[in-house]
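Novice: I'd like to ask some things about the structure below.
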Amino acid sequence: MVLISTPFWHNDESMDMDWFPLWLSLRVALLSTLLATVSGVALAYALANGRFRGREVLDAAITLPLVLPPTVLGYYLLVVLGRESVFGRIYEKLFGGPLVFTWQAAVVAALLHSAPLLVKYTRAALESVDHSYERAARTLGASEWKVFWRITLPLAQRSIFAATALAFARSLGDFGVTIMVAGNIPGRTQTVAVAIYDAVEAGNGALARTLVLIISAIALAILWCANRLGPRQTPA
């Protein structure tokens, strides 16, 4: 299926470009990363420290979006968030309109696309913490909540920051899941990845190259930050 939308590169003398897809992508990536960080750290802590039945099943379910095709993930979201679903009806009743084919749906899509990566990296970071510090704090009477905030989190924070940066980059580049649940509506739900697809389909190589270079530069900067934020390696 070929997606057709209104071109947003105006062939006038000023060659103005509509920056909406880029700003929308940045907003979607920021919101989804915030949600992924809050929920991801909690899930990673439960997986790293919990001893409950079904822990590995939960871990497999969280990892599943990393291996499933984006179209499959998009279909699942359409079923869960659609107007005929329980969640969809509740959302529409609360906010006066459906969730699908809105920029908020793009946030949900980016969250599903990026959160598993953050959970996996954060779990590894929490499991690599020297637990002798945690045991010492408990011996001194610290509660589990205080141990987490004062001991565990500070020791793992560099790795968690790096995982957050990678999740942001992954959210920024989502295409398959986003286009299925948010669509391709110029000025409303068209993210930069979808805009690049449109430009290529329309034969607008100049626009495609411009957007590709911009998003590549942003992604490179994020990856540089992730490497800088990662755990410092001490020479042997």
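Laboratory data are not the source of any read-out in this text; all were calculated from the coordinates shown. Since the structure is predicted, the reported quantities are computational estimates derived from the model, not experimental observations. Cβ placement follows ideal geometry from the backbone for every residue including glycine, while neighbour counts extend to all protein chains displayed.
Novice: Name the residue from 64, 128, 19 whose Cα lies farthest towards the positive end of the charge dipole of the chain, charges +1 on Cβ of Lys and Arg and -1 on Cβ of Asp and Glu.
Specialist: Value computed over the given set: 128.
Novice: State the answer as a single residue: which of 196, 96, 116 lies farthest towards the positive end of the charge dipole of the chain, with beta carbon charges of +1 for Lys and Arg and -1 for Asp and Glu, about the Cα centre.
Specialist: So the residue furthest toward the plus end is 116.
Novice: Neighbour counts of other C-beta atoms within 10 Å: give me 39, 114, 32, 216 arranged from fewest to most. Show your work: numbers first, answer last.
Specialist: Working: 39 14, 114 29, 32 26, 216 11.
In increasing order of surrounding Cβ atoms, one gets 216, 39, 32, 114.
Novice: At 7 Å along Cα-to-Cβ for each site, give me the label-to-label distance between residue 127 and residue 53 in nm.
Specialist: 2.3 nm
Novice: In segment 123-236, with Lys and Arg counted as +1 and Asp and Glu as -1 at Cβ, which of these residues, 155, 179, 221, has the Cα nearest the positive end of the dipole, that is, farthest along it?
Specialist: Among 155, 179, 221, the one farthest towards the positive end of the dipole of segment 123-236 is 155.
Novice: Then there's this: Taking the Cβ of each residue in 123, 228 as the centre, tally the other Cβ atoms inside 10 Å and list the residues starting with the fewest. Mind dumping the intermediate values first?
Specialist: On the way: 123 23, 228 12.
Going from sparsest to densest Cβ surroundings: 228, 123.
Novice: Compute the helix-to-body angle for 70-81: its Cα long axis versus the longest principal axis of the chain, expressed 0 to 90° and rounded to tens.
Specialist: Here the helix axis deviates by roughly 80 degrees.
Novice: Pulled fully out, how much extra length does the chain show between residue 227 and residue 87, if you take 0.36 nm times their separation in residues and subtract their Cα-Cα distance? Walk me through the numbers on the way to the answer.
Specialist: Details: separation 140, 0.36 × 140 = 50.40 nm, distance 3.86 nm.
Difference between extended and current length: 46.5 nm.
Novice: Just how large is the dipole of the chain about the Cα centre, in debye to the nearest 20, putting +1 at every Lys and Arg Cβ and -1 at every Asp and Glu Cβ? Write out the running numbers ahead of the final one.
Specialist: Details: 19 positive and 15 negative charges, 236 e Å.
In debye, rounded to 20, the chain gives about 1140.
Novice: For the chain, what's the relative contact order in percent, using C-alpha pairs closer than 8 Å and at least 6 residues apart? Don't jump to the answer; show the numbers that get you there.
Specialist: Details: 284 pairs, mean separation 70.2, N = 236.
In percent, rounded to a whole number, it is 30.
Novice: Mean residue ellipticity at 222 nm from the helices of the chain, using -39,500 (n - 2.57) per DSSP H segment of n ≥ 4 over the full residue count, to the nearest 500 deg cm²/dmol? Display every interim value, and only then the final one.
Specialist: Values: 11 runs with 160 residues, N = 236.
Theoretical 222 nm ellipticity from helices: -22000 deg cm²/dmol.
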